[in-house]
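The values are calculated or read from the model by the stated rules, or taken from the named source; none is laboratory data. In this text, all values refer to a predicted model and were calculated from it rather than measured experimentally. All Cβ positions, even for glycine, are placed from backbone atoms using ideal geometry, and neighbour counts span all protein chains on display. All accessible areas refer to the heavy atoms of the entire protein, side chains included, with ligands and DNA or RNA removed. Shrake-Rupley method; radii C 1.70, N 1.55, O 1.52, S 1.80 Å.
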Amino acid sequence: MMSTSNNDNVNPFKGFSLTSVNDRCRQIDLDAMAVCRKMGNEGDRIAFKLYCKAFYHLAPVTIWDSVELAKEKGRSPVKYLSWLLTKELEKCNIK
């Protein structure tokens with residue numbers, strides 16, 4: 001009888017090739033950089049990390065709708081976008 005390790009059953013990327021995981025990470029980075037450019041905060045690492053987290057967990061349309069809303073309605077668009085994305089992440093129980 002062959003024994004299998006418990007680690008064999010705990011692969012969060014099961015069904016994904018390494019290339020597809022790398023492509024997704026690269027796309028998330030590119031999308032987050034696009035948001036930074038649109039919001040005018042390209043050097044802000046904290047905002048960039050929040051945008052990456054948002055693209056990882058949320059639908060892109062939700063993020064881009066929030067970007068447009070922040071640009072149109074926010075007194076401080078960058079802060080308003082951060083607040084909007086944080087609220088969307090909280091809806092998904094993501095901190």
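Looking at this structure, is Glu42 without any contact (Cβ under 8 Å) to a residue 60 or more places away in the chain and assigned to a helix (DSSP H, G or I)?
no
Among the numbered conditions (1) farther than 14 Å from Ala34 by Cα; (2) open to solvent by 70 Å² or more (accessible area, probe 1.4 Å), the only one that Ile94 does not meet is (2). Note on region 34-49: residues that are of a type in the set (A, V, I, L, M, F, W, C) and open to solvent by 60 Å² or more (accessible area, probe 1.4 Å) amount to 1. Counting the residues of region 54-93 that are over 19 Å from Asp29 (Cβ atoms), touching a residue at least 24 places away in the same chain (Cβ under 8 Å) and not in a helix (DSSP H, G or I) gives 1.
Mind checking which residues of region 41-58 are of a type in the set (Gly, Ala, Ser), over 12 Å from Leu89 (Cβ atoms) and modelled with pLDDT of 95 or more? Break it down into steps so the answer makes sense when it comes.
Taking region 41-58 first, the residues of a type in the set (Gly, Ala, Ser) are 43, 47, 54.
After this cut, where a residue has to be over 12 Å from Leu89 (Cβ atoms) as well, the list is 43, 47.
Of everything in region 41-58, just one residue is of a type in the set (Gly, Ala, Ser), over 12 Å from Leu89 (Cβ atoms) and modelled with pLDDT of 95 or more, namely Ala47.
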